[in-house]
Amino acid sequence: MIIALSLALCAVLLTGVSQTLLKIGADSGVRSNRFLDSYLNLPTMTAYGLLLLVTVLGVYALRDLPLKVFYSLTALNFIVVLGLSAVFLNEEVSRNKVVAIGLIVLGVVVFNLP
């Protein structure tokens, strides 16, 4: 169960990293006039690879982790994405976003109560 929980949390973190990389890759392709530059650059291709790894990690985590726990943990992805986008993309973290993050954490805790 501990290994499955670790795999699920790793999948959540890697999902956040891959989504941030997708945003970086899309932004780098916008500066170019070529359509495929948004899809065929290093950050975007790395993000695609990470999403494949996330899928594999999720499958292994679901072998020993209850589905309700796994899916409630995936809600934590919003926190990871907000943190990474604030650090690497200089996006604003407003008071509303902080309140939303608090509600997500509260929801995950309440949902997993016995």
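Grab the DSSP H runs of the chain that are 4 residues or longer, score each as -39,500 (n - 2.57), total them, divide by all residues and round the 222 nm result to the nearest 500 deg cm²/dmol. Taken over the chain, the calculation gives -26500 deg cm²/dmol. Against the set (1) 76; (2) 46; (3) 40, the structure's computed percent of Cα pairs over 21 Å apart falls on (2). Remark: spin-label model distance Val87-Ala75 equals 2.4 nm, labels positioned 7 Å along the Cα→Cβ axis. With a simple spin-label model that places each label point 7 Å from the Cα along the Cα-to-Cβ direction, the separation between Val110 and Val59 comes to 3.5 nm. Taking each residue as 0.36 nm, the span from Met45 to Ser94 lengthens on full extension beyond its C-alpha to C-alpha distance by 14.6 nm. Using the Cβ-Cβ distance between Leu67 and Leu5 with R0 set to 22 Å, the FRET efficiency from 1/(1 + (r/R0)^6) comes to roughly 0.95.
Within the chain, the selection of entire DSSP H helices by a Cα span of 15 Å or greater along the long axis and an average Kyte-Doolittle value of at least -0.5 returns 2-30, 42-64, 77-88, 95-111. Based on C-alpha pairs under 8 angstrom that are at least 6 apart in sequence, the chain has a relative contact order of 34 percent.
Every read-out reported here was derived from the displayed coordinates using simple, explicitly stated rules and does not represent laboratory data. Please read all numbers here as calculations on a predicted model, not as lab measurements. Cβ: placed from backbone, ideal geometry, glycine included. Neighbour counts: every protein chain shown.
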